[in-house]
Every structure is written in C-alpha cells, then in structure tokens.
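Notes to accompany the following structure.
The values are calculated or read from the model by the stated rules, or taken from the named source; none is laboratory data. Because the structure is a prediction, the values reported are computed rather than measured. Here the Cβ positions follow ideal geometry from the backbone for every residue, glycine too, while neighbour counts run over all protein chains shown. Heads up: the accessible areas ignore ligands, DNA and RNA and are worked out on the full protein's heavy atoms, side chains in. Shrake-Rupley method; radii C 1.70, N 1.55, O 1.52, S 1.80 Å.
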Amino acid sequence: ALCIFLFHQMPSQLEGAMDSLINVFHNYSGKEGDKYKLNKGELKDLLNSELDHFLQKDPSLVDKIMRDLDANKDNEVDFNEFVILVGALTVACNDFFEEQLRKKGKTH
C-alpha cells in the first residue's frame, strides 16, 4: 500500500478507498514510458481488468475515454485525469442506485 504508511492506525473506509485508487493506478502505469502516467495500452488494460463490469465491450470506448480524459493532450492519462474518470463513474453509479431506490419507493 503506497499511502497506508501515513496512517498510524487502521485506515477508515474512505482512506482505504483512496489508497486503493492510488495502488490501482500505479499497478498499471509505468509499464511503458512515463511511470506516473497511463499510455493508451496501459489504460486499456486497466479498464478491461478493473472496470469490466461497468464498461461495454466497445473497442472504440478506450479511444473515446482517452480523448475525454487527456486534458493536456499528451496521449497519456495522469493520476488527476484518472481520478476524474473514477469520479464520473462513481457519480453515474450513485445516480443509478438512487433511481432504483426511488422506483422502489424508498428513500434514506
């Protein structure tokens, strides 16, 4: 764990999630080229392995995600750009979850 050393006790659930994001990103980044960025192939590997249930098997999806995320147009995705993807997917999942609860007539 890259970030756990900062915690002198067991990390909270959110701290653990943050640590997981950092670890997942760095498990895929740097296999080729810049070790702090994902190139297209590394991004594809990450998406296929880590987000398989959320993403369709659309071969053009990696290109679209790369274009959308690559804010500085360097053909690589840095950690900040990666967090934007995870945040957007998390918002979409939460919206879906809330909609399902509304359909069932349940609120918090």
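Matching residues to (1) among the charged types (D, E, K, R); (2) in a helix (DSSP H, G or I):
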position: 32; (1), (2): yes, no
position: 55; (1), (2): no, no
position: 71; (1), (2): no, no
position: 85; (1), (2): no, yes
position: 88; (1), (2): no, yes
position: 105; (1), (2): no, no
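Among the residues of the range 39-77, what is the count of those that are open to solvent by less than 40 Å² (accessible area, probe 1.4 Å) and within 18 Å of residue 89 (Cα to Cα)?
Going through the range 39-77 one residue at a time, the tally reaches 12.
Taking interchain pairs and intrachain pairs at least six residues apart, which have beta carbon atoms under 9 angstrom, with the first residue in the range 79-108 and open to solvent by 100 Å² or more (accessible area, probe 1.4 Å) and the second hydrophobic (A, V, I, L, M, F, W, C) and not in a helix (DSSP H, G or I)?
Note: pairs meeting the criteria are 80/71; 84/71.
Would you mind telling me which numbered condition in (1) open to solvent by 90 Å² or more (accessible area, probe 1.4 Å); (2) closer than 18 Å to residue 83 by Cβ; (3) modelled with pLDDT under 90 residue 27 fails?
Among (1) open to solvent by 90 Å² or more (accessible area, probe 1.4 Å); (2) closer than 18 Å to residue 83 by Cβ; (3) modelled with pLDDT under 90, residue 27 violates only (3).
Return a yes/no flag: does the range 15-37 have any residue that is in contact (Cβ under 8 Å) with a residue 40 or more places away in the chain and aliphatic (A, V, I, L, M).
yes
Which ones in the range 52-68 are free of Cβ contacts under 8 Å to residues at least 24 places away in the same chain and in contact with a Leu (Cβ under 7 Å, 6 or more places away or on another chain)?
Going residue by residue through the range 52-68, those that are free of Cβ contacts under 8 Å to residues at least 24 places away in the same chain are 52-53, 55-65, 67-68.
Answer for the range 52-68, where residues must be free of Cβ contacts under 8 Å to residues at least 24 places away in the same chain and in contact with a Leu (Cβ under 7 Å, 6 or more places away or on another chain): 55, 61, 62, 65.
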